[in-house]
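Visitor: Mind looking over this structure? Questions follow.
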Amino acid sequence: MSLLEFARGPAFQAAVAILVFGVFWRLLGVLTLRWGQRQTEPRASAAAGGVRTVFSRFWPRRGLSRNVRTGRFLGYLSHIGLALVVFGGVYHIETIHGVLGVAWPALPGSLISVAAVIALGAFLGLLGRRLMHPTVRFLSTWEDYFSWAVAVLPLVTGLLAGAGLGLDYATLLAIHILSAELLLIWLPFGKLFHGISFVPSRAFTGANYGRRGVKI
Amino acid sequence: MSEFPTFEQAMQQMQGMLEKLPEMAPPMQMPPQQRADRATAVMVQNLDARFGTYLESCIHCGHCAEACHFFQVTGDPKYTPVHKLDLLRRTYRRESGPFRWLYRLFSQPITAEELADWKELAFDSCTMCGRCTLICPMGIDIAAMVHVVRESISAAGLAPPEIRAVEAEQATQDTVFGASPEKLKEVIGMLEQQAGIEIPLDREQAEMLVLTSGLDIMMNPRGLLATAKVLNHLGADWTLRSDGYESINFGAQVCDKEIHKDIARRRIDTAKKIGAKTLLLCECGHTYPALRWAEGIYQEPLPFEVIYISDYLGKQVQAGRLKLRRDGRSVTFHDPCKTGRVGGIFDQPRAVLEAMGDEVCETPDHKMTNFCCGGGGGGFLLNNLPLRSKVYQMKMQQFDATGADTVVTACGSCRLNFATAKMMLESERPIESLVELAADHLPDDEGWRRPG
């Protein structure tokens, strides 16, 4: 079995299995903890508050955006760029189709390359911020850097494979696929899980404040 | 009301008592391991699905620091709000999280030394104002979890001695600052005699139970007098009760759930006993979430409405029942965090000010994003003035930016902090109470002298 066959076969199946099992394990482990009691008479709808906050937190509140613009901008750029690459690349759509049976039109390859470069640049900016901003550096742990590397590796290897730089294409492609599989495996365990947990996290706060009549 | 000391004069008298508080704290001797175990148990007990989700979601972006007044005035990363949760996060990962079996292999349990170090972060440099909660892109309610950290430090016997002293007083005496039932009766007698007003006390049945505070009784009887004047003017069927008058709940401030529950239960029982349909809370911000939004503190919905004085006054104005004399000043309103951001009361106090013809000039950060007074969450009791004074300075600069002649607020604790700031910074701008202003602007009749 070649490295590419390994990456496309057993490694991919194992990565997807770990991703699915890990996400469920972590979500269930958290959401099956005790739920708080609510006896007070609500002033407004908790559910509406919860839904509202899931969406309202996509942008910083007016009056609080002064010193977070760079972080938010780089965050947006990296996430949107990554999403375009993952869900717009023709090979990625084919892979998703193979697993889930759903597909959609792909974006042009040149646009995907641009998106990947922009995302990579934004990720480098985020790393720079983490290393240089005193507060962010103070908060950072090994896991922040590891998760950054795991998120960036598929972008780098994908760009190298697309450009045919360094090794032969089959090896580059295998490395790219393996790096993406590392991301899938790590997602349920590290901070990349925020891509899932941001929904209940925002909803809990929105509901809690919403019932008090506070739009948060 | 000129016969009573001004708020600033009373505050100076109180300052001496506050300085002696640490000596009054009961000893909390116990082995270090017991402290750590007690704190861990409290954390685990509080870690529910909501907090678990929050602790799984932080991306260490540091944005919360930008919202925190203590970080803003020092620039010290240790004051980053989410950092204040590190001990809670570690305990969650080791004891409650889905990968606890793994984390236990690679991490250490929290220690008494760490808890002692964390006292500064959870008490001295956090007022649980909730501003950080507004900015977190993950929507994490950081302030709610600092509450848990405080509770665990408190359970370990490591809460600041000033706070333990007051907490112990409330646990045994039900009230604080020596505001005993006898003192309440004495103050009411004094007010009735000097101001010529009737203040109903210990009526067996009333539509409204009014809670006052140790601060008003011992330091600022003007607040109680103003509340009485407005309620009498409105013809409210109200009473104070000597068996349940204290609105301050130090259990909520220190985050001792048992004391919080005990004090809340006593107030609820008194309100039920007299058949009250409304429980009115005087100007003391934390009392509102301590009773109105006290999730988990009582087991069933309350058979009466809990309403805060600024909310009540605003609603009376909005309903056309409370008309005030207009003199048209330029004022700025400081929203107490616990009634504004945490409680949802913003428009009502402004309605009262507008009813007096005042022009409300907002601070650069106001309403939801208003900065804390600097000494909320019991912080004004702590002997940490150097840190707090930096926040005071920032608040005063915000007031300066409005160009308003007067600062108005609806919380005795906020007012206490501003009065301190005013003295320190030699500011001339008056710091007024909303209810006292409303009482001073009642129509020129004698309706305020007798209850309805």
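Only the coordinates and a few stated rules stand behind these numbers; no lab work does. The model shown is predicted, which means the values in this text are computed figures rather than measured ones. Heads up, the Cβs are rebuilt from the backbone with ideal geometry, glycines too, and the neighbour counts pull from every protein chain shown.
Visitor: Right, A:Q13: surrounded by fewer than 14 Cβ atoms within 10 Å (Cβ to Cβ), of a type outside the set (V, I, T), more than 17 Å from A:T205 (Cβ to Cβ) and facing chain B (nearest Cβ under 7 Å) or not?
Guide: Spelling it out, it is not the case that A:Q13 is surrounded by fewer than 14 Cβ atoms within 10 Å (Cβ to Cβ), of a type outside the set (V, I, T), more than 17 Å from A:T205 (Cβ to Cβ) and facing chain B (nearest Cβ under 7 Å).
Visitor: Tell me, which helices (runs of 4 or more DSSP H) lie completely within the stretch A:1-79 with 2 or more residues that are among the aliphatic types (A, V, I, L, M) and closer than 23 Å to B:V342 by Cα?
Guide: A:46-56
Visitor: Of A:S45, A:S2, which residue is over 30 Å from B:G296 (Cβ atoms), touching a residue at least 12 places away in the same chain (Cβ under 8 Å) and more than 12 Å from chain B (Cβ to nearest Cβ)?
Guide: Criteria check complete, one pass: A:S2.
Visitor: For the list (1) out of contact with any Gly (no Cβ under 9 Å at 6 or more places or on another chain); (2) over 23 Å from A:T32 (Cβ atoms), I need the number of the one condition that B:C126 fails.
Guide: (1)
Visitor: Only residues in the stretch A:133-152 that are facing chain B (nearest Cβ under 7 Å) and closer than 19 Å to B:T80 by Cα count as the first member; pair them with residues that are in a helix (DSSP H, G or I) and of a type in the set (D, E, K, R), Cβ under 7 angstrom, at least 6 apart or cross-chain, and list the lot.
Guide: Every condition considered, the pairs that remain are A:V136/A:R129; A:V136/A:R130; A:S140/A:R130; A:D144/A:R130; A:D144/A:K191.
Visitor: Out of all the residues in the stretch B:165-207, which are in a loop (DSSP other than H, G, I, E, B) and of a type in the set (D, E)?
Guide: Passing the criteria: B:D174, B:E198, B:D202, B:E204, B:E207.
Visitor: I've got another one for you. Within the stretch A:25-39, does at least one residue satisfy the condition of being within 17 Å of the chain's Cα centre (by Cα) and within 14 Å of chain B (Cβ to nearest Cβ)?
Guide: yes
Visitor: Which of the residues that make up the stretch B:346-365 are touching a strand residue (DSSP E or B) at 6+ places or on another chain (Cβ under 7 Å) and assigned to a loop (DSSP other than H, G, I, E, B)?
Guide: Within the stretch B:346-365, B:D358, B:C361, B:E362, B:T363 meet the criteria.
Visitor: Give the stretch B:320-345 a look and list any residue that's closer than 14 Å to B:P430 by Cβ and in contact with a strand residue (DSSP E or B) (Cβ under 9 Å, 6 or more places away or on another chain), or say none.
Guide: If the condition is that a residue be closer than 14 Å to B:P430 by Cβ and in contact with a strand residue (DSSP E or B) (Cβ under 9 Å, 6 or more places away or on another chain), then B:R329, B:S330, B:V331, B:T332, B:F333, B:H334 are the ones that fit.
Visitor: Hey, among A:L167, A:L178, which residue is in contact (Cβ under 8 Å) with a residue 12 or more places away in the chain and either more than 13 Å from chain B (Cβ to nearest Cβ) or touching a Phe, Trp or Tyr at 6+ places or on another chain (Cβ under 6 Å) (or both)?
Guide: Result: A:L178 is the single residue among A:L167, A:L178 that is in contact (Cβ under 8 Å) with a residue 12 or more places away in the chain and either more than 13 Å from chain B (Cβ to nearest Cβ) or touching a Phe, Trp or Tyr at 6+ places or on another chain (Cβ under 6 Å) (or both).
Visitor: Anything in the stretch B:303-345 that is among the small types (G, A, S), in a loop (DSSP other than H, G, I, E, B) and away from chain A (no Cβ under 14 Å)? List them, or say none.
Guide: B:A319, B:G320, B:G328
Visitor: I've got another one for you. As an exercise: evaluate B:T270 against (1) surrounded by fewer than 23 Cβ atoms within 10 Å (Cβ to Cβ); (2) closer than 23 Å to B:M368 by Cβ; (3) in contact with a strand residue (DSSP E or B) (Cβ under 8 Å, 6 or more places away or on another chain); (4) away from chain A (no Cβ under 14 Å) and give the number of the one condition it does not meet.
Guide: The single condition B:T270 does not satisfy is (2).
Visitor: Something else now. Can you tell me which residues in the stretch B:215-260 are closer than 25 Å to B:E295 by Cα and in contact with a strand residue (DSSP E or B) (Cβ under 6 Å, 6 or more places away or on another chain)?
Guide: Listed by number, the residues that qualify are B:Y245, B:S247.
Visitor: Continuing with the same structure: Taking only the stretch B:300-352 into account, find how many residues are more than 23 Å from B:K229 (Cβ to Cβ) and without any contact (Cβ under 8 Å) to a residue 24 or more places away in the chain.
Guide: So the count comes out to 4.
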